[in-house]
Amino acid sequence: MKGFNLRHHPLFFLGLLMVLGIMVLGVLIPEVKKAESLLLTEWSRLRYLAYLLETEASPRKAPLSAEVLKEKLVSEGFKPETIRGSYFGVEVEMELSWRDLARLLSWLSSQDLRVRAFHAEDPSGEGNFRVRMVIR
C-alpha cells in the first residue's frame, strides 16, 4: 500500500484548512456577538449622555419663602394680614376688594407663582373678600 502524500493532493490540504477555519469561526462568532453587544450598549449610553448634555434642563427655582413673598406683596400695594411658610408653600391671608383680588391673581400669574389652594369668602356681600391661599 502506498503512503498518502500531501504534495500530490493539494485539494485535501485546502479542504482541511477550510474545515479548521469554519471550526475557528464557530468558536469566535459568539465572542464577536458579545463584544458587539457590549459596544452597542456603551455607544447608546454615551449617545444618551450627549443628548442630556445638549438639552440641559434649566435650574430649579429656589423655594419661595414667606419673607420674600411678603416683601413682594407689600411692594405691589397689598396688605397681607398673615403670611407663614408651610410644607405645601406659603399660606397668605388678607382682605381684598374684588378689583384687588383680580389684580392679585394677575400679578401672581405674571410672577410665575402658582396658587395651590384658594378660598375667598365675601361675608358682607359688598365685594370685599376674605382670602386664604397657599402659594408656591
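The values are calculated or read from the model by the stated rules, or taken from the named source; none is laboratory data. The model shown is predicted, which means the values in this text are computed figures rather than measured ones. Backbone-built Cβ (ideal geometry, glycine too); neighbour counts: all protein chains shown. Ligands, DNA and RNA are excluded from the accessible area calculation, which covers all protein heavy atoms including side chains. Shrake-Rupley method; radii C 1.70, N 1.55, O 1.52, S 1.80 Å.
Couple of notes before you dig in:
- Accessible surface, per residue, of the chain when the full set of protein chains is kept, probe 1.4 Å, Å²: 84 Å²
- The fraction of accessible area contributed by carbon and sulfur in the chain is 61 percent, rounded to a whole number (1.4 Å probe; ligands and nucleic acids excluded).
- About its Cα centre, the dipole of the chain is roughly 1020 debye, where the only charges are +1 on Lys and Arg Cβ and -1 on Asp and Glu Cβ.
- Where the alpha-carbon atoms of the chain are placed on the principal axes, they occupy 127, 26, 23 Å, in descending order.
- Options LEU17, SER75, SER65, ranked by Cα towards positive dipole end of the stretch 1-134, top entry (Cβ charges): LEU17
- For the stretch 31-112, trypsin sites (Lys or Arg not before Pro) meeting the loop criterion (DSSP other than H, G, I, E, B) and having at most 10 other Cβ atoms within 10 Å: ARG60, LYS61.
- The simple spin-label model puts a point 7 Å past each Cα toward its Cβ; for LEU49 and ALA120 those points are separated by 5.2 nm.
- Computed about the Cα centre, the dipole magnitude for the stretch 6-66 is approximately 80 debye when only Lys and Arg (+1) and Asp and Glu (-1) carry charge, each at its Cβ.
- Estimated vicinal HN-Hα couplings, Hz - the stretch 121-130 in sequence order (Karplus 6.51, -1.76, 1.60; Gly, Pro = x): 10, 10, x, 7, x, 10, x, 9, 9, 9
- Chymotrypsin sites (Phe, Trp or Tyr not before Pro) within the stretch 1-106, DSSP loop, no more than 12 other Cβ atoms inside 10 Å: PHE4, TYR87, PHE88
- Screening the chain for whole DSSP H helices of 20 Å or more along their axis (Cα) with average Kyte-Doolittle hydropathy at least 0.5 returns 10-54.
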